[in-house]
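Below is one structure; the comments refer to it alone.
The values are calculated or read from the model by the stated rules, or taken from the named source; none is laboratory data. On a predicted model such as this, the values are computed, not experimentally measured, just so you know. Glycine also receives a Cβ, built like all others from the backbone with ideal geometry; neighbour counts cover every protein chain displayed. Note: areas computed on protein heavy atoms with side chains; ligands, DNA, RNA excluded. Shrake-Rupley method; radii C 1.70, N 1.55, O 1.52, S 1.80 Å.
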Amino acid sequence: MVIREFVSEHNRKAVEWLHQDYDHLGRQLHRRGVDIEALTERAMAFRVAVPSWGVGTGGTRFARFPGPGEPRNVFEKLEDCELVNQMVRVTPGISLHIPWDEPEHPAELLEFARKRGLFFDSMNSNTFQDQPGQALSYRFGSLTHTDPAVRAQAVEHNVHCVELGRKLGARSHTVWIGDGGNFPGQVHFRRALERYLESLRAIYAALPDGFRMFIEHKLYEPAFYSTVLNDWGTSYYCTRELGEKAFSLVDLGHHAPNVNIEMIVARLVQLGKLAGFHFNDSKYGDDDLDAGSIKPFQLFLVFHELVDAELEKVPGFDPAYMLDQSHNVTDPLESLMTSAVELVRAFVQAHLVDRAALREAQEGNDAIAALQLLKQAFTTDVGPILAAARHRAGGAIHPVAAYRASGYRQRRAAERPAVAGRGAGIV
Ligand code: LRH
Ligand code: MN
């Protein structure tokens, strides 16, 4: 079955209503001085990368319950990424994780991706697990380990990922490490940070021209008392120390509950060091839930800061958008499709903020007027714009309904034998 044909057949039933809803919204927005066509073009231009590790069922430390038709290798992961992009049309970029996605022949993988309209976005290294046959363990850390041999091993792995990324046409390398301590006294905070910077400098030195390095902070987990790169401030300090190719990546789930993440975003934009995002949502910890599923207003406020910076042409503003989620109880492809749609929704709604009126309200200390201007944008149903953008780009007006009607999952389940083992962990 050619998904593209199936999608256009499936759209046929919905297109008339879409046109009615779109025209109605167009009239409403016109009254607010907003050109719906311009917004639809913005929605069509939006891009967010899909994590290769997000197309399989994720797990927790307690268990993982693999679903039917799980991808067994990087090629099958790309097949599923192609399906997601055929439905929502904003996810051609794939973020790989090494060694989970280590290809035998990078050129073969690159060609496989190209044939499916996909490209490789940021690479991710992994020094938070020990691999079979690995000489030295990362049990007590990697880039910040007290043993220089372990640090050298971790640096070498990162340099390998950068080199592989160059071969695959990627343009950035993301470093997240779980290094830290579980008990007071276990780690010397200042010396650990020095070791971190020393290791990052070695990785930074291996970056090809035009390549960027993203460092990802996280408050806790897997370390439960102190984490070496625990917050945005420490991350910013490190990117300044490293140089102009280093930037701070914000994973929405890596902050304490109720932290004002949109303000961290505004800070990193102002300081010229925002790498981009790992979008997801959470209620308590790093829950890696679907973007916009728990705190959609926070997601809107993050995009409010991003669109503000874009419209004001803040120098060096070039954030990379990626999803980073763990799909434990849903079909991962449905979660990725709906999460991508929620990002485009927040992005389009952020364009509905009357920024001249907002500035006036802010300058005049009119808090209610300011909040009402944001709420008006956030409560505008931009669904017809999102669906029209997908439809015009050859995607599905109703992605999940089209996906379910396509029988894609059942077909993959038939051709991909169930993956044995219900081990715990993320993949
Ligand atoms: C760490 C993290 C990191 C990835 C991993 C899969 O919590 O967010 O970005 O390497 O998840
Ligand atoms: Mn992440």
_Approximate shape of the chain as ellipsoid semi-axes (Cα gyration tensor, √5λ), whole Å, largest first_ = 35, 29, 19
*Roughly what % of DSSP beta bridges within the stretch 173-314 run antiparallel, to the nearest 5?*
20 percent
*asked:* Between Arg392 and Asp147, how high is the FRET efficiency from 1/(1 + (r/R0)^6) when r is the Cβ-Cβ distance and R₀ = 45 Å? Nearest 0.05.
replied: 0.20
*asked:* How much of the DSSP bridge set in the stretch 157-252 is antiparallel, in percent, rounded to the nearest 5?
replied: 20 percent
*Between Ala246 and residues 5 or more places away or on another chain, which pairs have amide H atoms under 5 Å apart, with H built 1.01 Å from N, and which residues are they?*
Met213
*Compute the distribution of all C-alpha to C-alpha distances in the stretch 28-105, in bins of 10 Å from 0, and list the percent of pairs in each, rounded to whole numbers.*
15, 35, 25, 14, 10, 2
*asked:* Which of Leu136, Leu193, Leu323 ends up with the largest GNM mean-square fluctuation for the chain, with Cα atoms connected below 10 Å?
replied: Leu136
*asked:* With a cut-off of 8 Å between alpha carbons and a minimum separation of six or more residues, what is the relative contact order of the stretch 35-111 in percent?
replied: 38 percent
*asked:* Please compute the per residue accessible area over the chain with all protein chains in place, 1.4 Å probe, rounded to a whole number of Å².
replied: 46 Å²
*Among Ile368, Ile36, what's the order by accessible area (1.4 angstrom probe), most exposed first?*
Ile368, Ile36
*Within the stretch 65-136, which GluC sites (Glu not before Pro) sit in a loop by DSSP and count at most 13 neighbouring Cβ atoms inside 10 Å?*
Glu104
*How many percent of DSSP beta bridges within the chain run antiparallel, rounded to 5?*
10 percent
*asked:* Based on alpha-carbon centroids, what's the gap between the stretch 61-81 and the stretch 100-153 in Å, whole number please?
replied: 18 Å
*Proximal lysines relative to Lys313, as straight alpha-carbon distance under 18 Å, when same-chain residues fewer than 8 apart are discounted*: Lys273
*Only Lys, Arg, Asp and Glu count, each charged at its Cβ (+1, +1, -1, -1), so figure out the dipole size of the stretch 313-399 about its Cα centre, rounded to 20 debye.*
260 debye
*So how exposed is His157, as accessible area in Å² (1.4 Å probe, rounded to 10)?*
40 Å²
*Rounded to the nearest 10 Å², the accessible area of Phe140 at probe 1.4 Å*: 130 Å²
*Summing +1 for each Lys or Arg and -1 for each Asp or Glu, what net charge is found among the other residues whose Cβ lies under 11 Å from the Cβ of Thr380?*
+2
_Accessible area of the chain with a 1.4 Å probe: how many percent of it is carbon plus sulfur?_
54 percent
*Under a 1.4 angstrom probe, counting protein chains only, how are Arg27, Arg89, Arg42 ranked by accessible area, largest first?*
Arg27, Arg42, Arg89
*asked:* Once you keep just the Cα pairs under 8 angstrom separated by 6 or more residues, what percentage relative contact order results for the chain?
replied: 24 percent
*Which FRET efficiency, nearest 0.05, do Arg355 and Glu241 yield, Cβ-Cβ r, R0 51 Å?*
0.90
*For the stretch 339-344, just list the computed ³J(HN,Hα) in residue order, Karplus coefficients 6.51, -1.76 and 1.60, θ = phi - 60°, integers in Hz, with x standing in for Gly and Pro.*
5, 4, 4, 5, 5, 5
_Need one value: the accessible area of Phe189 in square angstrom, 1.4 angstrom probe, rounded to the nearest 10._
130 Å²
*Going by accessible area, probe 1.4 Å, with all protein chains left in place, what is the ranking of Arg416, Arg390, Arg267, Arg240, largest first?*
Arg240, Arg267, Arg390, Arg416
*Too long at a 28 Å Cα-Cα cut-off: which of Lys245/Lys283; Lys167/Lys245; Lys13/Lys295; Lys218/Lys245; Lys115/Lys283?*
Lys245/Lys283; Lys13/Lys295; Lys115/Lys283
